[in-house]
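Here the structure is laid out as structure tokens; the discussion comes afterwards.
The values are calculated or read from the model by the stated rules, or taken from the named source; none is laboratory data. It should be emphasised that the depicted structure is a prediction, and the values quoted were computed from it without experimental measurement. Please note: Cβ atoms are built from the backbone with ideal geometry, for glycine as well, and neighbour counts cover all protein chains shown.
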Amino acid sequence: MPESHMQGSRPGPVVPPSKTHGHGRTCDLPGCETELSVYNPSARCWQHAELTFPVYRGKRLHPKTA
Ligand SMILES: [Zn+2]
């Protein structure tokens with residue numbers, strides 16, 4: 001296959017790195033020393049972060065939290 005028919009990345013500016021949120025942060029919850037991922041925007045670890053559920057079509061899946 002001729003190379004001109006291939007699609008792919010081309011030389012150019014280097015893609016900026018993903019946004020990160022700092023190294024060495026730990027979970028905000030007292031007693032939890034889980035180190036947060038630099039990709040975790042929350043102040044808590046995944047286990048203790050407040051889960052947010054997407055609202056589909058306006059229906060509330062969890063009425064108690066409304
Ligand atoms: Zn935690």
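So which residues in the range 1-42 are at pLDDT 75 or above and among the aliphatic types (A, V, I, L, M), if there are any at all?
If the condition is that a residue be at pLDDT 75 or above and among the aliphatic types (A, V, I, L, M), then 14, 15, 29, 36, 38 are the ones that fit.
State which residue is nearest to the ligand (Cβ to nearest atom) when the search covers only the range 35-47 and only residues that are surrounded by fewer than 14 Cβ atoms within 10 Å (Cβ to Cβ) and over 15 Å from residue 20 (Cβ atoms).
Filtering first and then ranking leaves 47.
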